[in-house]
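The values are calculated or read from the model by the stated rules, or taken from the named source; none is laboratory data. Because the structure is predicted, anything quoted here is derived from the model rather than measured. So basically every Cβ, Gly included, is an ideal-geometry build from the backbone, and we count neighbours across all protein chains shown.
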Amino acid sequence: MSTLDLLRQDRVLSVVRAPAIDDARDLCEALVAGGIHVIELTFTTPDLPRHLERAASTAAETGAVVGAGTVQTAAQAKQAVDSGAQFIVTPGQGLEASAIAAAAHAAGIPVVLGAFTPSEVMTALALGSDAVKIFPAHQLGPKYLKDLGGPFPGVPLVPSGGVNAGNARQFLDAGALAVSAGTDVVSPADVEAARWSDITAKATTFCAAL
């Protein structure tokens, strides 16, 4: 099953931002136990390539599909690919967005470019984005996502930023392919302290809200 197909099935991916990750394998196992299989580890976490390698090398054990997020340069995209990332996500579109998309596709993995305005969605699609991340989604909410569906019917949109168990279903009802679960599920403190059972419980609650 492709990453996008898995997102269509699960309707959620987890975005992990933390000052440190105790063990990326255990983190992935905790999230999968709670029902979240697609996991985005971000370049805001120090030493990300090492964590990606650990998560990717144990994916067969955990059942996780692990990618790299907050990718802002072609060099980071290459690092992510070399570390075993199965998808790449950007927060927006900088001067290297085209090179990032090319690096992902050369490796045979999907890229999800970040956007907010209709013009940015158009640019992301022109650059070959396989899905488009709408960030920060909470600023204009589910109605804005539904409005984007007018000119972009069938475009897989993934709202991120401020999505929680209380509003996630509304984003899905507005037409989202899937939603990004951030600190509502994986708080930096829980990740750093290796509170895996807490993360599993929060993931379970989030998935139940979908």
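Set side by side, the residues Ala104, Ala131 differ, and just one is touching a residue at least 60 places away in the same chain (Cβ under 8 Å), buried (at least 18 other Cβ atoms within 10 Å of the Cβ) and under 26 Å from Val66 (Cα atoms), which is Ala131.
Among the residues of the stretch 179-196, is there at least one that is in contact with an Asp or Glu (Cβ under 6 Å, 6 or more places away or on another chain) and touching a residue at least 40 places away in the same chain (Cβ under 8 Å)? Checked against the condition, which is being in contact with an Asp or Glu (Cβ under 6 Å, 6 or more places away or on another chain) and touching a residue at least 40 places away in the same chain (Cβ under 8 Å), the stretch 179-196 yields at least one hit. Once the stretch 185-210 is narrowed to residues that are surrounded by 20 or more Cβ atoms within 10 Å (Cβ to Cβ) and either within 14 Å of the chain's Cα centre (by Cα) or at pLDDT below 95 (or both), the residue that is nearest to Gln9 (Cα to Cα) is Val185.
Could you count how many residues in the stretch 182-205 are assigned to a helix (DSSP H, G or I), within 26 Å of Pro46 (Cβ to Cβ) and out of contact with any helix residue (DSSP H, G or I) (no Cβ under 7 Å at 6 or more places or on another chain)?
At the first step, the residues of the stretch 182-205 found to be assigned to a helix (DSSP H, G or I) are 188-192, 196-205.
Now narrow it down to the ones that are within 26 Å of Pro46 (Cβ to Cβ): 188-192, 196-200, 202-203.
If we keep only those that are out of contact with any helix residue (DSSP H, G or I) (no Cβ under 7 Å at 6 or more places or on another chain) too, we end up with 188-189, 192, 197, 202.
The number of residues fulfilling the criteria is 5.
Which is over 18 Å from the mean Cα position of the chain (by Cα), of a type in the set (A, V, I, L, M, F, W, C) and at pLDDT 95 or above, of Ala30, Ala55, Ala24, Ala60?
Values: Ala30 fails: over 18 Å from the mean Cα position of the chain (by Cα); Ala55 fails: over 18 Å from the mean Cα position of the chain (by Cα); Ala24 fails: over 18 Å from the mean Cα position of the chain (by Cα).
The conditions single out Ala60.
When Gln72, Gln139 are checked against the criterion of being modelled with pLDDT under 95 and either over 13 Å from Leu41 (Cα atoms) or surrounded by fewer than 17 Cβ atoms within 10 Å (Cβ to Cβ) (or both), Gln139 stands alone in meeting it. Say we look at the stretch 77-101 and pick out the residues that are over 16 Å from the mean Cα position of the chain (by Cα) and closer than 17 Å to Leu52 by Cβ; which of these is surrounded by the fewest Cβ atoms within 10 Å (Cβ to Cβ)? It comes out as Asp82.
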